[in-house]
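One structure is given here, and the rest of the page talks about it.
The values are calculated or read from the model by the stated rules, or taken from the named source; none is laboratory data. Fair warning: this is a prediction, and the values are worked out from it, not measured in the lab. A quick note on method: Cβ atoms are made from the backbone with ideal geometry, for glycine too, and the neighbour counts reach across all protein chains shown.
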Amino acid sequence: RGLTQHTLLYFTNRSTFGVTQSSQYHFIAENKSWYEAQRYCREKYTDLAKVFDMTDMSRLRNSTQNQGEAWIGLNNNTGGNRTWHWSLPGVEYIHNDSSWDLNGRYGTEKPGNCGRKRYDNGDKKLVDVSCNHTMWFICYDGEKITSQNWKEGQSYCRSIYTDLASGLNQVDGEEMKDLCINSTFSAWVGLFRDSWRWSDGSDFSFRYWDMELFNDEQSNKTCAMTLLNRSGKWSSDECDREKPFFCYDDKLILIKENKTWEEALDYCRKYHRVLVSITNHYQQRWAEVRAKNASSPFVWLGLRYSCTLGLWFWVNDKLVCYEKWSKNGTTEECDVAVGMQSGGQHEWFSQRENQTYNFFCLK
């Protein structure tokens, strides 16, 4: 009851989005190699900058007046080991063998690094093929569009809609079935794989390559940079080249001690600021990265149910304008607060306040 009454405020409150981020970018106007920059950022801040979505890119570009090249925390020093990602930021790829049909390629097609959905005589499986093919593509808002290659399709969807359809809930959902009734065709979805990794180990899938300058086959150029004079788009260079760089400073701290909710609240107020509040999908995703390192099945958040007011509230008085409850995870009763799963889908569950778990502080 307390959650639903504030749902629409998420849209009216978007002007404060940048104010409530759990990290800050810092532009360092010193020329260093990528590895020297990485060491500097880890000593002074948290790590070389990582980027979650276009909102992050705007924040990163706005943090400096420099218009040259600058290192970010993406590198390709993985020995060519490629990992699948969904294009839409925040959608985690979880492998499911039953979703794939690796024999579903046409003719002489070879395996590739982009995913398409094949619709043929009841076969609706994912297939991996070359990203350079042109075919229909499916945008997140439920439209199938004329033929383009994967990258062009992604750019179109991001500019007109939201993104290429991403996640099994989207590519197998009812809206998708409505688009494909009595149809036999293949269409791009928002699935790709690459061997690029973020310096701090996070699995953010957002990529912003400048396709006029970037060539993923250049094996000697394994460190990523942002081109501030080209809308911040990315390319790569040899890691020993010296450039300025971006660091990020994370305000979110995982405390790997088991405490009750009240004890966690007191600890955060004494040593940091407060138990963390999550008010958008961006903060949720950053918390999920940290939660994977927890030593308890749940991690306390600063969300508690008030019997007196009959609603949920954050301890820092933020409106409840974002939620990630498990389907049957919410219980509105006295003496309950919210624990985020440390694994799985990182959903929220009502937990008795006397349970002891790890917790998130905001510094």
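Scanning region 80-111 for residues that are closer than 23 Å to Asp141 by Cα and under 17 Å from the mean Cα position of the chain (by Cα) yields Trp84, His85, Trp86, Ser87, Leu88, Pro89, Gly90, Val91, Glu92, Tyr93, Ile94. If you go through region 185-206 and keep only what is out of contact with any Phe, Trp or Tyr (no Cβ under 7 Å at 6 or more places or on another chain), outside any strand (DSSP E or B) and buried (at least 16 other Cβ atoms within 10 Å of the Cβ), you end up with Ser195, Trp196, Ser199, Asp200, Ser202. Among the residues making up region 173-213, those that are modelled with pLDDT of 90 or more and of a type in the set (Gly, Ala, Ser) are Gly190, Ser195, Ser199, Ser205. Candidates are the residues of region 300-344 that are more than 24 Å from the chain's Cα centre (by Cα) and closer than 22 Å to Arg290 by Cα; the one that is surrounded by the fewest Cβ atoms within 10 Å (Cβ to Cβ) is Asn316. Contact map, region 88-117: residues that are farther than 26 Å from Tyr156 by Cα and among the aliphatic types (A, V, I, L, M) paired with residues that are in a loop (DSSP other than H, G, I, E, B) and at pLDDT 85 or above, Cβ distance under 8 Å, separation 6+ or inter-chain. Pairs shown: Leu102/Pro111. Taking the conditions exactly as written (crowded, with 17+ Cβ neighbours inside 10 Å, at pLDDT below 95 and not assigned by TED's automatic domain parsing to the domain that holds Tyr322), does Phe245 satisfy them or not? No: the conditions fail for Phe245.
Can you find, within region 269-282, the residue that is surrounded by the most Cβ atoms within 10 Å (Cβ to Cβ) among those that are assigned to a helix (DSSP H, G or I) and out of contact with any Lys or Arg (no Cβ under 9 Å at 6 or more places or on another chain)? I'd like the intermediate steps shown before the answer.
To start, the set of residues in region 269-282 that are assigned to a helix (DSSP H, G or I) comprises 269-271, 281-282.
Cutting the leftovers down to out of contact with any Lys or Arg (no Cβ under 9 Å at 6 or more places or on another chain) gives us 269-270, 282.
Details: Arg269: 13, Lys270: 8, Tyr282: 22.
Taking the candidates together, the pick is Tyr282.
Across region 34-79, the number of residues qualifying as more than 16 Å from the chain's Cα centre (by Cα) and outside any helix (DSSP H, G or I) comes to 19.
Yes or no: region 283-299 includes at least one residue that is β-branched (Val, Ile, Thr), touching a residue at least 40 places away in the same chain (Cβ under 8 Å) and crowded, with 22+ Cβ neighbours inside 10 Å. Yes, region 283-299 contains a residue that is β-branched (Val, Ile, Thr), touching a residue at least 40 places away in the same chain (Cβ under 8 Å) and crowded, with 22+ Cβ neighbours inside 10 Å. Within region 244-267, the set of residues being charged (D, E, K, R) and in a strand (DSSP E or B) comprises Asp249, Asp250, Lys256, Glu257, Lys259.
With a requirement of 2 or more residues that are charged (D, E, K, R) and in the same structural domain as Lys259 (by TED's automatic domain parsing), none of the strands (runs of 3 or more DSSP E) lying completely within region 310-356 satisfies it.
Selection of region 210-243 for residues being under 27 Å from Arg290 (Cβ atoms) and either in a strand (DSSP E or B) or without any contact (Cβ under 8 Å) to a residue 40 or more places away in the chain (or both) yields Cys223, Ala224, Met225, Thr226, Trp234. Being part of a loop (DSSP other than H, G, I, E, B), surrounded by 14 or more Cβ atoms within 10 Å (Cβ to Cβ) and either touching a Cys at 6+ places or on another chain (Cβ under 7 Å) or aromatic (Phe, Trp, Tyr) (or both) is a property that does not hold for Tyr119. On inspection, Ser87 fails the criterion of being surrounded by fewer than 12 Cβ atoms within 10 Å (Cβ to Cβ) and closer than 17 Å to Val127 by Cβ.
Among the residues of region 6-26, are any modelled with pLDDT of 90 or more and farther than 26 Å from Glu217 by Cβ? Within region 6-26, one or more residues are modelled with pLDDT of 90 or more and farther than 26 Å from Glu217 by Cβ.
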